[in-house]
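This report refers to the structure that appears directly beneath it.
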Amino acid sequence: MVRALSRRCSIQSWGSFRIRRTNHDDHDDDHDDDDHKQQQQLRTIDARNTNKPTEDQPPFIGEAPKEKPQSDMDQMKERFAKLLLGEDMSGGGKGVSSALALSNAVTNLAASIFGEQGKLAPMAPERKARWRKEMDWLLSVTDHIVEFVPSQQKSKDGTNMEIMVTKQRKDLLVNIPGLRKLDTLLIDTLDNFGQEQEFWYVSKNDDPENESSRREGKWWHPKVKVPPNGLSETSRRWLLSEKEAVSQVLKAAMAINASVLSEIEVPESYIDSLPKNGRSSLGDSVYKSITVEYFDPAQFLSSMDLSTEHKVLDLKNRIEASIIIWKRKMHHKEGKSSWGSAVSIEKRELFEERVETILHLLKYRFPGLPQSSLDISKIQDNKDIGHAILESYSRIIESLAFSILSRIEDVLHADSLAQSSSSNSDDDATRLSSAETPTLLDFMGWGIDPLKRSPIDMENLFKVDSDKKASKPPVSPTPRPPIPELSDN
């Protein structure tokens, strides 16, 4: 009975469900068109909202949000943090010394600023501003390198007393302003080439003439071009004056750099790597050339093979090693040290003076040489921050001055080539024009170019002609019969 009752209720509910579904289906047909329109409108709105960027979502999924440029304070914090860490970003204390970190910072900054300076043109304003700003940051360390100096102070009762006050170290006080002045002169020199010049640069790949260049190895430098007849006299004189000014800057920077390097102590690791005597360092042939009785530095350099940069640097390394050996021997008593030698002190001083002269000539004849082994050892083992800044700053000024000087010499070399080719073409044209007008020499058959005649040539010419006349037998108008020989019989 219960089962029949539940079955009846389920039939009634199914029937009521069918009734409700039928009534609902009657209304669905009326609203199909309206629902379809509403769905199309919603799809259109969703598509517009998808393409429209919002504040929380970037305009494109693959594009990273742009970073804000760092302020000067943030850049300075980052720079000095790296210096304090000694270039060891792990913070484990395995970095280099503060002096070497500052030296590397100055060198890397100069490489990033002047590394692309391959032609005579003004620096970009952004690079110039960055150079001055970041160099001011690095040089600000020298303001706090001080020494105690005596000073007079007057007390309240009128008595004078001597006290010790702090003052910037003397070598920094003298050399830093001078290096800043040399730096400014070089940048101003580059700015002077911003005006319209009579020369221009082309890429070597775009050069239709495909001529051999003076610097075939330095393919990254553009090739300088001048007018066919060369530069004007005014432009040539101006270039020569700029070359002389840059040469003076180069000499001043080299003098400061050499002075600073001489004050840095020679590392013990470098001394341990040296041979026991100067002859082993120089080699037998070089040692014999230096220890002769009458020594001429210019003749010595002319006898050496200095054709490549590697050979020049090798000679410089050997000479510097011999100087260190002989200096150490003069500070040790003979017979009490392994550095002792049978050579007298007077001769050793004479040999040292000679090799120092050769070294001085090498530095000024080849100013663009890389650093020697002694210089690299001094820079790496140096602990004096003042010396590190002076050495690195003077070195990059020396390098920049040499680069500008080389670019000026390239222009002057291209000008000389253009002038020589122009003069040769003028000589050919003059020779052709003179050949069209016959001269007396042409009628005589002597065939001498009138443009190249000289008194010596004319004298030789007449001498040869007279010799020819003397060698010819005399010609008579009527031939005579031979005279018969008379016999004794």
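The values are calculated or read from the model by the stated rules, or taken from the named source; none is laboratory data. Bear in mind that the values here come from a model prediction, so they are computed numbers and not experimental data. Counting neighbours? That spans all protein chains shown, and the Cβs are built from the backbone with ideal geometry, glycine included. Surface areas here come from the heavy atoms of the whole protein model, side chains and all, with no ligands, DNA or RNA. Shrake-Rupley method; radii C 1.70, N 1.55, O 1.52, S 1.80 Å.
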Filter region 121-134 for residues that are touching a residue at least 60 places away in the same chain (Cβ under 8 Å) and aliphatic (A, V, I, L, M); which is farthest from His387 (Cα to Cα)? Ala121
Restricting attention to region 208-225, does a residue exist that is open to solvent by 50 Å² or more (accessible area, probe 1.4 Å) and either modelled with pLDDT of 85 or more or in a helix (DSSP H, G or I) (or both)? no
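Every residue, every condition in (1) part of a helix (DSSP H, G or I); (2) at pLDDT below 90, yes or no:
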residue	(1), (2)
Lys66	no, yes
Gln70	no, yes
Met73	yes, yes
Arg79	yes, yes
Gly93	no, yes
Ala105	yes, no
Trp131	yes, no
Cβ-Cβ distance below 8 Å, separation of 6 or more or different chains: which pairs start in region 388-417 with a residue that is within 17 Å of Lys181 (Cβ to Cβ) and in a helix (DSSP H, G or I) and end on one that is of a type in the set (D, E, K, R) and open to solvent by 20 Å² or more (accessible area, probe 1.4 Å)? Leu390/Asp171
Just to verify a result, which residue in region 135-154, among those that are in contact (Cβ under 8 Å) with a residue 12 or more places away in the chain and among the hydroxyl-bearing types (Ser, Thr, Tyr), is most open to solvent (accessible area, probe 1.4 Å)? Ser151
Residue hits (region 407-425; within 20 Å of the chain's Cα centre (by Cα) and open to solvent by less than 20 Å² (accessible area, probe 1.4 Å)) are Arg407, Ile408, Asp410, Val411
In region 242-260, how many residues are closer than 14 Å to Asp188 by Cα and not hydrophobic (A, V, I, L, M, F, W, C)? 2
Considering region 249-277 alone, what residues qualify as being open to solvent by 40 Å² or more (accessible area, probe 1.4 Å), in contact with a helix residue (DSSP H, G or I) (Cβ under 9 Å, 6 or more places away or on another chain) and not hydrophobic (A, V, I, L, M, F, W, C)? Lys251, Ser259, Glu263, Glu265, Glu268, Ser269, Ser273, Pro275, Lys276, Asn277
Considering only region 173-187, state which residues are open to solvent by 70 Å² or more (accessible area, probe 1.4 Å) and within 16 Å of Val106 (Cα to Cα). Arg180
Can you run down the residue pairs with Cβ atoms below 7 Å, 6 or more apart or on separate chains, where the first is in region 155-177 and within 15 Å of Ile385 (Cβ to Cβ) and the partner is open to solvent by 90 Å² or more (accessible area, probe 1.4 Å) and among the charged types (D, E, K, R)? Gln168/Asp143
For region 188-203, check the following and say yes or no: at least one residue is open to solvent by less than 40 Å² (accessible area, probe 1.4 Å), of a type in the set (A, V, I, L, M), closer than 30 Å to Trp238 by Cβ and in a helix (DSSP H, G or I). yes
Examine region 327-345 for a residue that is modelled with pLDDT of 90 or more and open to solvent by 20 Å² or more (accessible area, probe 1.4 Å), and state whether such a residue exists. no
